[in-house]
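The values are calculated or read from the model by the stated rules, or taken from the named source; none is laboratory data. No experiment lies behind these values; they were computed from the predicted model shown. Neighbour counts run over all protein chains shown; Cβ positions are idealised from the backbone, glycine included.
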Amino acid sequence: MGERETIAFVTERPILLRGRRSGPAVRLAVLALAGLVIAPGAVPAHEPVWCHTVGLGDTLWSIAERHDTSPGHLTDLNGLERPDVLRVGTMLRLPTLVRLATGDLELDGTPLPADPGDLRAENRAADRQKLSRVRNLSAVRRFVQAGLLVRIAAQTRTYWVEGVQPPLRVARPWTKRFIEQLGHAFHSLHDERLKITSLTRTVHVQRALRRHNGNAAPARGMLRSTHLTGASVDISKAPLKERQVGWLRVVLRRLERRRLLRATEEFQQPHFHVMVHRRYLTYASQLPSPLLIGGC
């Protein structure tokens, strides 16, 4: 059976609920249910942020006061033409973005916690999103033709792919968008590229991997690898400096709080394993710049 894709359509007209025009809070709730507004995850107060997501009741003055800056600075930094009108859900750059770029912003580089139930949770998420598993290369070709998988370039200015066979250099559209935005931000901040070491796998490839690597997930059952869905990507830590790894940990942890992905960190073969969720595309469309990824 083919995968079921859900598309939500909205208009700029006021939403009518039980014969009444809805207020801002109701409209925001309806948009959130439609998957059009990604509510920010709770960032602990002690963690530095480099963006702010406008919420109900926010003004430029209240945001400036909260982040120890001035309305004028925020206006200039974000190119606001009408600073008196802020749209709920808009992400604003903060002055701390400059400190992040210069390496002067202290980040919490605590390793991502590992959970024995991670694989089971990833598979449940894949099932909720109705993601089929790829059985063989013939299925990969069909998925690509249907637009369910998209091709990933082997070399770009912001990332490169190593150790992945050309037919398997494919991923879900939202996973590709995540790779592109994360790679763009990483390159802009660190002047280096991300190294991608795994993307989509077939059942055959997963079985072969498991024969050579006892830590690899199986190809069947509720603990099977989510690389079979095309939604997962592995990002190598091997060429990275401590500050770069720390930034990745912060960004992945915050995106996980928003329920946009699930991320685990492996040390025996040092890499981040990331399963990206379909709703990441909505978040991606709200980013005014890839530099703000995971910034608030």
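Within the range 144-154, the set of residues being part of a loop (DSSP other than H, G, I, E, B), farther than 22 Å from Glu192 by Cβ and in contact with a strand residue (DSSP E or B) (Cβ under 7 Å, 6 or more places away or on another chain) comprises Leu149 only. Considering Ile196, Ile152, the condition of being buried (at least 21 other Cβ atoms within 10 Å of the Cβ), assigned by TED's automatic domain parsing to the domain that holds Leu287 and touching a Lys or Arg at 6+ places or on another chain (Cβ under 7 Å) is satisfied by Ile152 alone. For the range 155-172, the criterion of being under 25 Å from Leu260 (Cα atoms), in a loop (DSSP other than H, G, I, E, B) and touching a helix residue (DSSP H, G or I) at 6+ places or on another chain (Cβ under 6 Å) is met by at least one residue.
When the range 225-248 is filtered for residues that are closer than 22 Å to Lys176 by Cβ and of a type in the set (D, E, K, R), the ones remaining, listed by number, are Asp234, Lys237. Evaluation of Arg82 against the conditions (1) assigned to a helix (DSSP H, G or I); (2) over 24 Å from Ala284 (Cβ atoms) shows that the sole unmet condition is (1). Hey, any hits in the range 87-101 for a residue that's in the same structural domain as Trp61 (by TED's automatic domain parsing), in a loop (DSSP other than H, G, I, E, B) and either closer than 26 Å to Asn215 by Cα or hydrophobic (A, V, I, L, M, F, W, C) (or both)? Within the range 87-101, one or more residues are in the same structural domain as Trp61 (by TED's automatic domain parsing), in a loop (DSSP other than H, G, I, E, B) and either closer than 26 Å to Asn215 by Cα or hydrophobic (A, V, I, L, M, F, W, C) (or both). Tell me yes or no: at least one residue of the range 241-259 is under 23 Å from Val49 (Cβ atoms) and among the aromatic types (Phe, Trp, Tyr). Within the range 241-259, one or more residues are under 23 Å from Val49 (Cβ atoms) and among the aromatic types (Phe, Trp, Tyr).
Residues in the range 45-92 that are without any contact (Cβ under 8 Å) to a residue 60 or more places away in the chain and in contact with a Gly (Cβ under 8 Å, 6 or more places away or on another chain): Val54 only. Is the range 32-49 home to any residue that is at pLDDT below 95 and assigned to a helix (DSSP H, G or I)? The answer is yes; a qualifying residue exists.
So if I check each of Glu81, Glu162, which one is surrounded by fewer than 14 Cβ atoms within 10 Å (Cβ to Cβ) and over 23 Å from the mean Cα position of the chain (by Cα)? Please lay out each step first, then the result.
Numbers: Glu162 fails: over 23 Å from the mean Cα position of the chain (by Cα).
Criteria check complete, one pass: Glu81.
Applying the selection to the range 121-144, what residues are more than 23 Å from Pro167 (Cβ to Cβ), of a type in the set (D, E, K, R) and surrounded by 14 or more Cβ atoms within 10 Å (Cβ to Cβ)? Scanning the range 121-144 gives a single hit, Glu122.
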